[in-house]
Structures are given as C-alpha cells and as structure tokens.
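Read-outs throughout are calculated quantities, based only on the coordinates presented, and are distinct from any laboratory measurement. Remember, it's a predicted structure, so these values are computed and weren't measured experimentally. No Cβ is skipped: glycine too gets one built from the backbone with ideal geometry, and neighbour counts run over all protein chains shown.
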Amino acid sequence: MDFAGAYSADNLKFLLDGLYVTLIVAFTAIILSFLLGCIIGVVRYAKVPVLSQISFVFVELIRNLPLLLIIFFMRFALPEVGIKLGLMTAAIAALTIFEGAMISEIVRGGLTSVDKGQIEAGRSSGLTGVQTLWHIVLPQGLRRMVPPLVSQFISLLKDTSLAVIISLAELMHNAGIIIGHGYNYTIPTLLLVALIYFTVNYLLSVLSKRLETKNA
Amino acid sequence: MIDFHKVEKHYGHFHVLKSIDLHVDEGEVVVVVGPSGSGKSTMLRCINRLETITSGGLTVNGVAVNDKKTDINKVRRDIGMVFQHFNLYPHKKVIDNITLAPVKVLGVSKTEAEKTAMYYLEKVGIADKAQAYPSQLSGGQQQRVAIARGLAMKPKIMLFDEPTSALDPEMVGEVLDVMRTLAKEGMTMVVVTHEMGFAREVADRVIFMDQGQIVEEAAPEQFFASPREERTRTFLSRVLSH
C-alpha cells in the first residue's frame with residue numbers, strides 16, 4: 001500500500017477535480033429532477049386529464065429501466081438521431097429523467113398523505129383547487145417528503161459514479177485513473193474516495209435532519 | 001335561503017339520501033339529529049357541494065348548487081363550515097388560518113383581514129392565541145378558531161358538522177356557547193349534532209333523520225315533549241336515557 005504515492009499533490013488535485021464534476025452533475029440533477037418530480041407528482045396527484053396518463057406511462061417506463069441503460073441511451077443513442085449531448089449534459093439528463101421519475105412518486109405520496117379534511121376546509125372557504133393545493137396541501141406534503149427526498153438525493157449523488165461508463169471525468173472516473181498509475185494505489189485511493197462520498201452524503205443527511213426538526 | 005327539493009343521493013347501490021325536502025329560512029337555526037349513518041352529515045355537505053346529489057333540486061340563495069354552470073367557489077364564499085375534526089391548517093398560525101380565505105378569495109388586504117380576524121378571535125374568546133399554531137391549542141380552542149375562520153368570510157350561512165363530537169367533555173360547553181351567541185345574533189345555521197340540550201335550547205326547528213330520510217321535523221318543545229313518529233321516540237329514549 002503506497003499511501004504517500006497515492007496521496008501525492010497531483011493525485012489529490014485530480015481527485016478534487018473529479019469531486020467538482022461529481023458535485024456539479026449531482027446538484028444540477030438534484031434541482032432539475034426535483035422540479036420534474038414535482039411537476040409530474042402534482043399532475044398525477046391532481047389527475048390532470050391526458051397529462052396524468054402520459055406521466056403514468058413515463059414513470060412506470062423509467063422506473064423499471066436500469067439507470068445505466070438510460071445513461072447509455074443519452075450518450076450513444078441520441079446522437080444517432082441527431083441529438084448530440086456533451087458528456088456532462090448526457091449524465092445530467094439521464095439522472096434528471098431517472099431520479100425525476102422516482103421523486104414524482106415521493107411527491108405524489110406526500111401530497112396524497114395530507115388529510116382530506118384539509119382540502120375540504122380549503123375548498124369550503126371558497127378557495128379554488130389550485131389555491132388549496134398551493135397554500136394548504138403542498139406546504140404540508142413537502143414537509144413529509146423531506147426524509148424520502150433526501151434519501152433519493154443521496155442515491156442520486158452516488159449514482160453519478162455510473163457516469164464513469166461514458167468516461168465523464170467525475171470522482172470515480174478519476175479515482176480509476178489514479179489506481180491505474182501506481183502499483184499499490186488501489187486501497188489508499190478507494191479509501192479516500194469512500195471517505196469523500198461518505199462525508200458529502202453524511203452532510204446531506206445532517207442537513208435534512210435539521211430541516212425536519214425545524215419544520216416539525 | 002336553503003332549499004332541498006326531492007333530493008336523492010346514491011353511493012353506488014347505497015341510497016344515502018331519500019327524497020329530502022327541506023327549507024331553511026334566513027336567520028333560522030336548524031338542528032339535525034339522528035343515529036350515525038342516517039345521512040345527516042351527507043345532507044349538510046350537499047349544501048356547499050362537498051357532496052354531489054344524484055337527483056332533485058338544491059338551491060342556496062336561489063342558486064342551483066349542482067348546476068354545472070354554477071361557480072361553486074362563489075357560492076361557498078357565503079357558506080361557512082365547521083368540521084368535526086376542526087381541520088385547521090397545522091402549518092399556519094391561528095391568525096393566518098383565518099386570513100387565508102378572505103385574502104385569497106375575497107381579495108381583502110392583509111391588514112384588513114387581520115383586523116377582521118382579531119375581531120372574530122376576540123368574539124370567540126381567544127384573541128391571545130392569534131400567534132400560536134393549532135397544535136398548541138386545546139380541542140375546544142381549535143374549534144373556536146375554526147368558527148372564527150368561518151365567520152371571517154362574513155358568510156350568510158354557517159354549517160356545523162358535529163362540531164363537538166371530537167371534543168373532551170369539558171370543552172363542549174365553550175364551543176356551544178359561541179354557537180349560541182351566533183344563533184342569537186341571527187346567523188342562519190344548520191347544525192348536525194348529538195347535543196340534545198343545544199337542540200332543545202337553541203334550535204328554531206329540529207330535524208330527525210333516519211336511514212336517509214327526514215322522519216320528523218318540529219319545533220324543539222314539541223320534538224322533545226311529544227314526538228309524533230315511533231322511530232323518533234325510540235331514538236330519543238336511547239339518547240336521553242343516560
């Protein structure tokens with residue numbers, strides 16, 4: 001085990017570059033997939049005609065495919081029909097679609113869990129369906145969604161490592177390159193990368209605990 | 001003010017409301033009693049279309065509630081509703097529970113709405129709880145907030161759906177007191193309840209429902225002293241004997 005060699009300044013910088021890409025991809029995908037998930041979740045919750053049925057098919061289709069296949073699709077299938085995405089864009093697009101489908105179910109579940117009496121109170125006071133959703137159901141539902149959402153975001157962050165398959169220079173990819181450079185770099189490098197993933201994800205869940213207690 | 005004409009309602013094969021004819025005048029307090037499952041809550045909820053009717057006519061202030069062309073949100077502005085389980089918005093402070101509908105539905109300014117809210121909170125006796133969250137209040141206090149919330153829309157009609165059934169016994173009185181005051185002030189009220197004392201004292205008219213039908217309706221003195229129908233007598237002997 002060559003810790004000194006594996007943790008050379010150049011290698012560490014290289015890993016940080018990878019982490020940077022991982023974080024950019026993860027946080028962009030978290031924001032986009034959350035938006036997508038909210039839209040689909042609300043459409044399905046409110047049973048918006050036509051859109052709701054389309055969303056149902058979309059969610060069922062995406063949920064039952066491996067993420068890896070979707071990443072492949074973005075990177076290798078789309079160019080064949082004339083849509084060329086950069087490496088990072090392809091990864092973000094794949095993650096957004098896949099995690100968005102997952103998140104939409106969390107959103108729908110959260111909204112459905114709000115007591116029917118809340119809706120009746122809103123509607124009977126003359127609020128429209130949309131106003132009731134916005135002022136009464138959504139704020140209550142969102143609070144309940146925090147724990148499962150954070151789990152999903154942590155999954156997403158870890159899933160960014162699958163982009164190694166399309167040679168996106170994220171953390172896992174760069175770790176692989178460092179491992180290939182020295183005789184005994186494998187264990188030190190993987191330990192460090194594990195520590196990095198753990199730290200980032202752990203911070204995320206600590207943050208969510210804060211959010212939960214604040215909102216309780 | 002409220003007019004049921006041969007109203008029928010079916011839930012699938014279940015016939016919930018059978019040929020309901022009921023007329024409520026302005027300023028009248030009508031109390032609906034009957035065994036559970038008799039359709040009294042369903043009938044009440046038809047008035048603001050929380051439940052739809054299968055056939056017959058139902059008008060509120062002359063507007064056909066179940067007409068497709070009716071803007072139900074407009075009808076509901078004039079009908080306050082108080083629920084068995086209060087249904088306060090747990091994520092909003094008491095004051096914001098009350099101002100939400102006036103601001104969003106009536107377009108009243110926030111300051112104006114807060115002034116109105118404080119007026120009604122004062123009226124139901126809990127102005128000091130304006131900044132509290134519903135979970136910090138007792139059941140009786142929550143229900144009084146719910147009444148204030150309904151009143152803040154300045155409705156023409158107030159509907160009460162078993163407003164004291166979920167309360168601890170020692171809190172029933174404070175809620176009934178508020179309702180009693182409201183009745184005295186001339187509010188048109190339809191109250192579904194198991195509180196026979198309230199019915200006897202406050203109602204202008206008592207309606208007895210059983211198995212989806214209005215079995216008997218009478219002034220409270222007559223209703224409690226000499227009910228005409230056998231089913232009413234059986235019901236009354238059950239609820240008044242303990």
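Specify which residue in the list A:Val81, A:Val42, A:Thr22 is farthest towards the positive end of the charge dipole of region A:1-98, using unit charges on the beta carbon of Lys, Arg (+1) and Asp, Glu (-1), about the Cα centre.
A:Val42
From the P(r) of region A:1-137, can you give the percent of Cα pairs sitting at distances over 18 Å?
Everything past 18 Å amounts to 67 percent.
Could you tell me the relative contact order of region A:3-215? Use alpha-carbon pairs under 8 Å, at least six residues apart, and round to a whole percent.
31 percent.
Just how far, in whole angstrom, is region A:65-134 from region A:163-209 if you go by their alpha carbon centroids?
Comparing the Cα centres of region A:163-209 and region A:65-134, I get a distance of 28 Å.
Spin-label point model (7 Å from Cα, Cβ direction): what's the B:Thr181 to B:Lys110 distance in nm?
2.8
7 Å from Cα along Cα→Cβ at both B:Asn73 and B:Leu240: what's the point-to-point distance in nm?
It works out to 4.7 nm between the two label points.
In what order do A:Leu67, A:Leu168 fall by count of nearby beta-carbon atoms within 10 Å, going from fewest to most? Working shown, then result.
On the way: A:Leu67 19, A:Leu168 24.
Fewest to most other Cβ atoms nearby, the residues stand as A:Leu67, A:Leu168.
Sorting A:Val150, B:Val16 on the 10 Å Cβ count, fewest up front, what's the list?
Taking fewest neighbouring Cβ atoms as first place, the list is A:Val150, B:Val16.
For a bin width of 10 Å, list the pair-distance distribution of the protein assembly as shown built from all Cα-Cα distances, rounded to whole %.
For the protein assembly as shown, the binned pair fractions read 4, 17, 21, 18, 13, 11, 8, 5, 2, 0, 0 percent.
With +1 on each Lys and Arg Cβ and -1 on each Asp and Glu Cβ, how big is the dipole of the protein assembly as shown about its Cα centre, in debye rounded to the nearest 20?
Using only the charged Cβ atoms, the result is roughly 640 debye.
I'd like the per residue volume of the convex hull spanned by the Cα atoms of region B:88-169, given in cubic angstrom.
In region B:88-169, the Cα hull volume divided by residue count equals 93 Å³.
Grab every C-alpha pair in chain B, bin the distances at 5 angstrom width from 0 up to the longest one, and report whole percents.
Calculated P(r), rounded to whole percents: 1, 7, 14, 17, 19, 17, 13, 8, 4, 1, 0.
Over its Cα atoms, what ratio of radius of gyration to 2.2 N^0.38 Å does region B:1-134 give?
So region B:1-134 has a normalised radius of gyration of 1.23.
Tell me, Kirkwood radius of region B:9-76 from alpha-carbon pair distances, in Å? Write down the numbers at each step before the final one.
Details: mean 1/r = 0.0767 Å⁻¹.
Across region B:9-76, the inverse of the average 1/r is 13.0 Å.
Return the average number of partner chain Cβ atoms within 10 angstrom of each residue Cβ along peptide B:41-51.
Working: counts 0, 0, 0, 0, 2, 0, 1, 5, 2, 4, 0.
Rounded to a whole number, the mean comes out at 1.
Using the Cβ atoms and a cut-off under 11 Å, what net charge is assigned to the surroundings of B:Leu151, where Lys and Arg are +1 and Asp and Glu are -1? If you can, show how the numbers build up before the last one.
Numbers: positive: B:Lys123, B:Arg144, B:Arg149, B:Lys154; negative: B:Glu185.
Summing Lys and Arg as +1 and Asp and Glu as -1 gives +3.
Quote the charge dipole size of region B:90-217 about the Cα centre in Debye, to the nearest 20; the model charges only the Cβ of Lys and Arg (+1) and of Asp and Glu (-1). Write out the running numbers ahead of the final one.
Working: 15 positive and 18 negative charges, 151 e Å.
It comes to approximately 720 debye.
Please compute the modelled spin-label separation between A:Phe72 and A:Phe56, points set 7 Å along Cα→Cβ, answer in nm with one decimal.
Result for the modelled spin labels: 3.0 nm.
Net charge around A:Ala26, counting only other residues with Cβ within less than 13 Å of its Cβ (Lys, Arg = +1; Asp, Glu = -1)?
-2
Just to verify a number: FRET efficiency for A:Val130 and A:Leu191, C-beta to C-beta distance, R0 = 35 Å, to 0.05?
Between A:Val130 and A:Leu191 the formula returns 0.10.
For every helix of n ≥ 4 consecutive DSSP H residues, a contribution of -39,500 (n - 2.57) applies; sum these over chain A, divide by its total residues, and give [θ] at 222 nm rounded to the nearest 500 deg cm²/dmol.
Values: 10 runs with 162 residues, N = 216.
Computed ellipticity for chain A at 222 nm equals -25000 deg cm²/dmol.
Which value, in debye to the nearest 20, gives the size of the charge dipole of chain B about its Cα centre, when Lys and Arg are +1 and Asp and Glu are -1 at the Cβ?
Value, rounded to 20: 780 debye.
Where does the charge balance sit around A:Ile106 when Lys and Arg score +1, Asp and Glu -1, over other residues with C-beta under 15 Å from its C-beta?
Net of charged neighbours comes to +2.
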